[in-house]
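Enquirer: Please find one structure pasted underneath; my questions will follow.
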Amino acid sequence: GCDASILLNGNGTEENERNHPANFGLRDEAIQAIEDIRAIIRVQCPRVVSCADILVIAAREAVRQFGGPDFDVPLGRKDNTKFDIDSPDNLPVPFERTDGVFTSDQDLASNPKTKEIVNRFASNQNEFFNKFANAFVKVSQLDVLTGNQGEIRKSCFAPNNKKKSNVASVVEEVVGIATNM
């Protein structure tokens, strides 16, 4: 989600968020598109833009492309180095018809306390888009990793390898010695 953990591949022995039933609608092409965008951006500004930022910008652009509002999203997120296989269990469950309508949506339309708001949004697209954009930004900021939390991944599909190999350490040391000669 907001920390791009959904992009992480499992290591072969563990599950990943993409394989959770709540995420079966995600297309491999969409996941790959995020990695392709990251690869292009990395050439221009290496280790600056996170997969999490690319993901939230892509989601915002999808909303805009389908006629939704255009709005700014805060940037500066870090990518998580692990995923939580249980977090999708906290999402609302769609109707048995699986047409994407949440029970809560129908409840809002029929509840006397919220029916007026639903009708107002249905008749005033600008007001709905404004509230939608504000809610999108708020949700995209939930549990955001910043500072020393997380990292900016070299690949959206795997955490960075924190350990240097012996060869890399030797090369680094030799380069340092040669530079000081």
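The values are calculated or read from the model by the stated rules, or taken from the named source; none is laboratory data. Because the structure is a prediction, the values reported are computed rather than measured. Please note: Cβ atoms are built from the backbone with ideal geometry, for glycine as well, and neighbour counts cover all protein chains shown.
Enquirer: Would you pick out the residues in the range 5-41 that are over 23 Å from Q149 (Cβ atoms), free of Cβ contacts under 8 Å to residues at least 60 places away in the same chain and small (G, A, S)?
Expert: G12, G25, A30, A33, A39
Enquirer: Within the range 48-90, work out how many residues are modelled with pLDDT of 90 or more and among the hydroxyl-bearing types (S, T, Y).
Expert: 1
Enquirer: Answer yes or no: is there a residue in the range 153-171 that is at pLDDT below 85, part of a loop (DSSP other than H, G, I, E, B) and under 25 Å from H20 (Cβ atoms).
Expert: Checking the range 153-171: not a single residue is at pLDDT below 85, part of a loop (DSSP other than H, G, I, E, B) and under 25 Å from H20 (Cβ atoms).
Enquirer: Inside the range 42-61, can you point out the residues that are among the hydrophobic types (A, V, I, L, M, F, W, C) and under 11 Å from the mean Cα position of the chain (by Cα)?
Expert: Residues satisfying the conditions are C51, A52, I54, L55, V56, I57, A58, A59.
Enquirer: Can you pull out the residues in the range 7-27 that are surrounded by 12 or more Cβ atoms within 10 Å (Cβ to Cβ) and not in a helix (DSSP H, G or I)?
Expert: L8, N9, G10, N16, H20, L26
Enquirer: Sticking with this structure for a sec: So which residues in the range 128-143 are touching a Cys at 6+ places or on another chain (Cβ under 8 Å) and buried (at least 17 other Cβ atoms within 10 Å of the Cβ), if there are any at all?
Expert: S140
Enquirer: Scan the range 42-58 for residues that are farther than 19 Å from T146 by Cβ and among the hydrophobic types (A, V, I, L, M, F, W, C) and report the count.
Expert: So the count comes out to 2.
Enquirer: Now, a different point. Criterion first (assigned to a helix (DSSP H, G or I) and surrounded by fewer than 16 Cβ atoms within 10 Å (Cβ to Cβ)) does A30 satisfy it?
Expert: yes
Enquirer: Go through the range 33-51 and give me each residue that's assigned to a helix (DSSP H, G or I) and surrounded by 17 or more Cβ atoms within 10 Å (Cβ to Cβ).
Expert: Within the range 33-51, I34, I37, R38, C51 meet the criteria.
Enquirer: Could you check the range 91-141 and list, in sequence order, the residues that are assigned to a loop (DSSP other than H, G, I, E, B) and either of a type in the set (S, T, N, Q) or modelled with pLDDT of 90 or more (or both)?
Expert: Answer for the range 91-141, where residues must be assigned to a loop (DSSP other than H, G, I, E, B) and either of a type in the set (S, T, N, Q) or modelled with pLDDT of 90 or more (or both): T98, N111, P112, K113, T114, N124, Q141.
Enquirer: Run P21 past the list (1) within 19 Å of N80 (Cα to Cα); (2) at pLDDT below 80 and report the number of the one that doesn't hold.
Expert: (1)
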